[in-house]
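The values are calculated or read from the model by the stated rules, or taken from the named source; none is laboratory data. What you see is a predicted model, and the numbers here were worked out from it, not measured in a lab. All Cβ positions, even for glycine, are placed from backbone atoms using ideal geometry, and neighbour counts span all protein chains on display. Note: areas computed on protein heavy atoms with side chains; ligands, DNA, RNA excluded. Shrake-Rupley method; radii C 1.70, N 1.55, O 1.52, S 1.80 Å.
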Amino acid sequence: VQLQASGGGLVQAGGSLRLSCAPSVRIFSIYAVAWFRQAPGKEREFVAAISLSGGSTYYADSVKGRFTISRDNAKNTVFLRMNSLKPDDAAVYYCAAERYGSGDKRASVYDYWGRGTQVTVSS
């Protein structure tokens, strides 16, 4: 399974972006999906995750209330809506998928990773 993350870019602090994650497979609904991010010189960190149906979502404390993860299984896409962006949110954002997963915060459970999309936030 190959994942394509897109939607990154340059935005001013306080602005918004919507990231998309699309797979190379026809049926994405059997995969739990998560977003992680990695800033230069920092470890990769969990951002958000969503269950197979989209009924359960999980967020890092640092983004709770500002970011929303969602999925449209009919369109085979998972989204990450990011509002009220801060300079600390700047990073490369990666989507990851786990077949029949539950939406986990641990990077180690995810079998498939996209290449990432750059998010830059200017102050």
key: Packing rank of 113-120, 33-40, where each peptide gets the mean count of other beta carbons within 10 Å, highest leading   = 33-40, 113-120
key: Distance from region 88-123 to region 1-60 (C-alpha centre basis), Å   = 5 Å
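Could you report the chain's accessible area per residue, 1.4 Å probe, as an integer in Å²? Walk me through the intermediate numbers first.
On the way: 6410 Å² over 123 residues.
I get 52 Å² per residue for this part.
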message = Please check: in the Gaussian network model of the chain (C-alpha springs, under 10 Å), which one of 32, 91, 13 has the largest mean-square fluctuation.
response = 13
request  = Would you mind calculating the relative contact order of region 20-122 from Cα pairs under 8 angstrom and at least 6 residues apart, reporting the percent as a whole number?
outcome  = 33 percent
query = Using the per-residue mean of other Cβ atoms lying within 10 Å as a proxy for protection, in what order, highest first, do the peptides 1-7, 67-73 fall?
reply = 67-73, 1-7
request  = Principal axes first, then extents: for the Cα atoms of the chain, list largest minus smallest coordinate on each axis, whole Å, largest first.
outcome  = 39, 27, 24
request  = Quantify, in whole percent, the carbon and sulfur part of the accessible surface of region 3-123 (1.4 Å probe; protein heavy atoms only).
outcome  = 44 percent
key: Radius 11 Å from Cβ of residue 54, net charge of other residues (Lys, Arg +1; Asp, Glu -1)   = 0
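So what's the net charge close to residue 114: Lys and Arg +1, Asp and Glu -1, counting the other residues with Cβ under 14 Å from its Cβ?
Working: positive: 37, 44, 115; negative: 98, 111.
Here the count lands on +1.
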